[in-house]
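The values are calculated or read from the model by the stated rules, or taken from the named source; none is laboratory data. Source: prediction; values computed, not measured. No Cβ is skipped: glycine too gets one built from the backbone with ideal geometry, and neighbour counts run over all protein chains shown. Surface accessibility is based on the protein's heavy atoms, side chains included, excluding ligands, DNA and RNA. Shrake-Rupley method; radii C 1.70, N 1.55, O 1.52, S 1.80 Å.
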Amino acid sequence: MNDLLPEQSPNWQYLEQKIQALLQSYGYREIRFPLLESTELFKRSIGEVTDIVEKEMYTWPDRNGDNVTLRPEGTAGCVRASEQNGLLRNQVQRLWYSGPMFRYERPQKGRLRQFHQFGAEVFGLEGPDIDAEMLVMTARLWVDLGLSEHITLQINSLGSAVDRGKYREALVEFLSAHKAELDEDSQRRLDSNPLRILDSKSSQTQLLLDQAPSLPDFLDADSREHFDRLRALLDSAGVAYEVNPRLVRGLDYYGKTVFEWVTDSLGAQGTVCAGGRYDGLVEQLGGKPTPAVGFGMGEERLVLLLDAVGAVPDSVGRYLDAYLVAAGNVSEAALTCSEQIRSQCEGLRLQNHCGGGSFKSQMKKADRSGAKVALIIGEDEAAAEQITIKYLREDRQQQTLALPEVVKLLMQLD
Ligand code: ATP
Ligand code: MG
């Protein structure tokens, strides 16, 4: 679980502002729900025999003896909250959330025990048009962040629960006959969660899978048409994708459309955004049948990627526009002037020097702060009710002016 230090937070804020603005521009509204839910909720939604529920959850009995779990993902809590608060009754909802998720995994680059996700969930729409809109929306984000050359889209259809059941049987029958050729993990999964074998990292297992029955052959007409229409919509919108028939995702609630946005710039942890359709989940958790689709986006990986490809604008790291230097016995003038400036310059980031010290040492601090200008109030300025504005990043004459003039110049800083 990482600490996030002040020098890193601007990149996070930059990313979060971009994502929020994007979601809001498509009509998504924010929902907030607890970090802690009953363990049962995750078992029933994510699935008992998934990696998350079997070995990654932080779970303990509370003082009452009820088992509680730190949320390992957002969809289950979002469905619970939406259902419980009546948001799903014959309504379409486009919702987003963000915040920490918790999984007991082996920490490594791009994989943490407390990590952060942005999630989006849409309830009440069953057609592929909303699947396509979500993918077009995420594609727009990559363009906006300058990442589009580094991220590609993989899609697949998992079909209906019946399709998957038939496919599972066929796959297990085939793989059981070749059990000895499977890697250890896949041998274990043969009984518990055979579809996960499809995304095994073992090259020998992948070779064997070339001969195995293929999921797309098991789709019924409805799922097939949904997938075909999704592809046609993506084609017409100009969103490139690769169909990966072995993309299955590690959570049980998905059906029909699934997708992952992946990068090869981050090593093994290459999936930056993943999601799909989960039409059965709301009903499974006790609500009325409600079609749904959503995704989760890993912030850590996106911040790493932004950094790796140098996509964050230089201005993002700067946290001050102006630094007020108070040289001499001028504390009162410094405080009142700076407050007047703040009232008149909306959005200006101005820090007052506090704690005294020589003019020289204060100027050094002003420079190191990254501010564009130093506002200097010495005893002469205080007596004349003026301020000296000194440009720290451009070759420009310093000026000593009355407050209204200084305000005008500050408003013009870019
Ligand atoms: P992975 O295959 O990398 O383990 P996942 O399939 O478990 O990912 P999801 O549950 O779909 O991931 O979560 C969506 C996104 O959240 C992932 O694509 C990834 O960007 C991010 N994510 C998941 N687990 C972690 C983690 N432990 N640390 C950091 N980010 C994570
Ligand atoms: Mg995982």
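Within the stretch 327-348, being within 19 Å of Lys365 (Cα to Cα) and in contact with a helix residue (DSSP H, G or I) (Cβ under 7 Å, 6 or more places away or on another chain) holds for Ala327, Gly328, Asn329, Val330, Leu348. Is one or more of the residues making up the stretch 92-104 touching a residue at least 40 places away in the same chain (Cβ under 8 Å), open to solvent by 50 Å² or more (accessible area, probe 1.4 Å) and within 16 Å of ligand 2 (Cβ to nearest atom)? Yes: one or more hits.
Every residue, every condition in (1) open to solvent by less than 60 Å² (accessible area, probe 1.4 Å); (2) closer than 30 Å to Val79 by Cα; (3) assigned to a loop (DSSP other than H, G, I, E, B); (4) aromatic (Phe, Trp, Tyr), yes or no:
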{"residue": "Ser265", "(1), (2), (3), (4)": "yes, no, yes, no"}
{"residue": "Glu283", "(1), (2), (3), (4)": "no, yes, no, no"}
{"residue": "Asp307", "(1), (2), (3), (4)": "no, no, no, no"}
{"residue": "Ile341", "(1), (2), (3), (4)": "yes, no, no, no"}
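Kindly indicate whether any position in the stretch 398-405 is open to solvent by 30 Å² or more (accessible area, probe 1.4 Å), assigned by TED's automatic domain parsing to the domain that holds Gly74 and modelled with pLDDT of 95 or more. Within the stretch 398-405, not a single residue is open to solvent by 30 Å² or more (accessible area, probe 1.4 Å), assigned by TED's automatic domain parsing to the domain that holds Gly74 and modelled with pLDDT of 95 or more. The listed residues are Leu234, Leu198, Leu230, and the only one of them that is within 27 Å of the chain's Cα centre (by Cα), under 21 Å from Ala268 (Cα atoms), open to solvent by less than 80 Å² (accessible area, probe 1.4 Å) and of a type in the set (A, V, I, L, M) turns out to be Leu198. Among the residues examined, Phe227 qualifies as at pLDDT 95 or above and out of contact with any Phe, Trp or Tyr (no Cβ under 7 Å at 6 or more places or on another chain). Say we look at the stretch 38-71 and pick out the residues that are among the charged types (D, E, K, R) and in contact with a Leu (Cβ under 7 Å, 6 or more places away or on another chain); which of these is farthest from ligand 1 (Cβ to nearest atom)? My answer is Arg44. Consider the stretch 354-389 and keep the residues that are within 40 Å of the chain's Cα centre (by Cα) and charged (D, E, K, R). The one that is surrounded by the most Cβ atoms within 10 Å (Cβ to Cβ) is Lys372. The residues of the stretch 40-68 that are touching a strand residue (DSSP E or B) at 6+ places or on another chain (Cβ under 7 Å), within 16 Å of ligand 2 (Cβ to nearest atom) and not hydrophobic (A, V, I, L, M, F, W, C) amount to a single one, Tyr58. Residues being assigned to a strand (DSSP E or B) and among the acidic types (Asp, Glu): count how many of those fall in the stretch 364-408. Number of matching residues: 0. Under the condition of being among the hydrophobic types (A, V, I, L, M, F, W, C) and at pLDDT 95 or above, the residues counted in the stretch 248-265 number 4.
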